[in-house]
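Notes for the one structure printed next.
The values are calculated or read from the model by the stated rules, or taken from the named source; none is laboratory data. Since the structure is predicted, the reported quantities are computational estimates derived from the model, not experimental observations. Here the Cβ positions follow ideal geometry from the backbone for every residue, glycine too, while neighbour counts run over all protein chains shown.
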Amino acid sequence: MGSHSAPRRARPARTSAEARFRLRRTLSPQRSGTQVVITVLFIALGFTLTAAISGSANDSILANARQSDLVSLLDDLAQREARLQAENSRLENARETLLGGDEYAALNEAKRRADDLAVLAGSETIIGTGIQVSISGNLTASTLIDAIQELRDAGASAIQISDRGLAVRLVASSWFADSPSGITVSGTALQVPITISVIGDPSVLIPAIEIPGGLVDSVGSGGGEVEISESQNVDISAIVPLPNS
Amino acid sequence: MIPAIGLLVGIVLGLLLQPTVPVWLQPYLPIAVVAALDAVFGAFRSVLDGLFNDRIFVISFLSNVLVAAVIVFLGDQLGVGSQMSTGVVVVLTMRIFANVAAIRRHLLKA
């Protein structure tokens with residue numbers, strides 16, 4: 001201790017040579033009781049120094065973390081565990097279904113989904129309950145888009161637009177444009193009058209077309225005519241070729 | 001010289017035995033070590049000041065360690081253990097720096 005109040009007067013080393021001499025004299029071996037005690041203290045110091053260093057080396061992150069940090073860490077782990085367990089049970093369920101259940105259950109499920117997707121993608125022909133809407137007179141692309149949107153909202157699963165000779169299947173990527181003699185749908189020029197064939201529930205589809213401001217109104221105000229017929233066998237024969245992937 | 005050898009012996013012993021620090025001792029050990037280091041540097045300084053007294057060194061060494069541990073223990077009981085140990089370490093480190101600076105001035109006159 002440099003600052004303890006010794007009863008003696010300080011006699012600071014006047015030169016660095018003297019300072020070095022004093023250091024050497026103090027460090028030189030002496031035989032005295034306190035020297036032994038000091039040595040023991042230094043052994044203890046070295047021992048505890050290494051102990052403290054090696055003790056702080058392992059998992060010091062957790063040991064030095066605050067309680068709130070530890071709580072949030074624990075919380076995090078608990079949440080992750082719950083998430084992983086939920087995923088685990090879901091996957092085990094799926095595994096059991098695939099292994100233990102009907103041998104063809106998985107295959108049938110996959111086929112069913114493929115059929116659904118084929119209808120939506122327009123890659124397969126389809127015959128079913130629905131309506132046919134014949135439109136004559138002036139028809140603009142925007143009117144047609146509005147009508148198609150309404151039909152889709154009303155649950156139409158497949159839509160086809162045709163004139164006397166050509167038919168176009170509507171899918172997600174279809175587009176419309178005005179043309180001098182009628183309407184261009186996805187690059188195919190159709191001549192008025194056209195027919196929209198829709199597969200879906202007729203009791204929902206027909207109101208969707210007849211609502212005020214809908215297809216019937218806007219075509220009628222342009223001097224055209226709309227004719228709606230319900231059928232059990234609406235034939236949608238146009239398909240969209242699947243892109244080669 | 002013998003205490004220096006003792007320090008080396010202690011370090012070698014610690015490395016060889018790989019002691020595991022008891023959990024209740026873990027917060028106090030680093031503080032005690034820093035306090036002891038402060039006493040050692042203070043001793044070197046007092047040697048150069050011509051004030052060194054080995055009896056005083058032994059007492060200051062032990063009391064330094066004890067007081068540091070007691071302060072941290074008190075902080076633990078008061079619920080401010082980590083802040084208290086930080087404070088003790090800061091103070092002791094400042095003293096070590098001051099002592100080392102004094103030693104440097106003595107030896108190098110700079």
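Selection within segment A:207-237: residues that are surrounded by fewer than 19 Cβ atoms within 10 Å (Cβ to Cβ) and aliphatic (A, V, I, L, M). The member of this set that is modelled with the highest pLDDT is A:Ile228.
Determine whether A:Val204 is under 15 Å from A:Ile126 (Cβ atoms), under 36 Å from the mean Cα position of the chain (by Cα) and not in a strand (DSSP E or B). When the stated conditions are applied, A:Val204 does not pass them. Scanning segment B:31-57 for residues that are more than 7 Å from every other protein chain (Cβ to nearest Cβ) and more than 30 Å from A:Ser16 (Cα to Cα) returns a single hit, B:Ile31. Only one of the listed residues (B:Ser60, B:Ser82) is facing another protein chain (nearest Cβ under 7 Å) and either among the small types (Gly, Ala, Ser) or more than 25 Å from A:Ala44 (Cα to Cα) (or both). That residue is B:Ser60. The condition of being closer than 21 Å to A:Ser123 by Cα, at pLDDT below 85 and surrounded by fewer than 22 Cβ atoms within 10 Å (Cβ to Cβ) holds for only one of A:Ala167, A:Ala172, that being A:Ala172. Taking each residue of segment B:10-30 that is facing chain A (nearest Cβ under 9 Å) and looking for partners that are among the aromatic types (Phe, Trp, Tyr) with beta-carbon atoms closer than 7 Å, six or more apart or interchain, yields B:Gly10/A:Phe42; B:Gly10/A:Phe47; B:Leu13/A:Phe47; B:Gly14/A:Phe47. In summary, no helices (runs of 4 or more DSSP H) completely within segment A:5-95 bear 2 or more residues that are modelled with pLDDT of 75 or more, touching a Lys or Arg at 6+ places or on another chain (Cβ under 7 Å) and more than 7 Å from chain B (Cβ to nearest Cβ).
This table checks each residue for (1) among the β-branched types (Val, Ile, Thr); (2) over 30 Å from A:Ser68 (Cβ atoms); (3) buried (at least 16 other Cβ atoms within 10 Å of the Cβ).
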site: B:Leu25; (1), (2), (3): no, no, no
site: B:Asp38; (1), (2), (3): no, yes, yes
site: B:Gly42; (1), (2), (3): no, yes, yes
site: B:Val47; (1), (2), (3): yes, yes, yes
site: B:Arg55; (1), (2), (3): no, yes, no
site: B:Leu78; (1), (2), (3): no, no, no
site: B:Ser82; (1), (2), (3): no, no, no
site: B:Thr93; (1), (2), (3): yes, no, no
site: B:His106; (1), (2), (3): no, yes, yes
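When segment B:72-110 is filtered for residues that are of a type in the set (S, T, N, Q) and under 19 Å from the mean Cα position of the chain (by Cα), the ones remaining, listed by number, are B:Ser82, B:Gln83, B:Ser85, B:Thr86, B:Thr93, B:Asn99. So for segment A:108-127 (the condition being of a type outside the set (D, E, K, R), more than 31 Å from the chain's Cα centre (by Cα) and surrounded by 19 or more Cβ atoms within 10 Å (Cβ to Cβ)), does at least one residue qualify? Yes, the conditions are met somewhere in segment A:108-127.
Within the set A:Ile161, A:Ile196, A:Ile148, the sole residue that is within 38 Å of the chain's Cα centre (by Cα), among the aliphatic types (A, V, I, L, M) and not in a strand (DSSP E or B) turns out to be A:Ile148.
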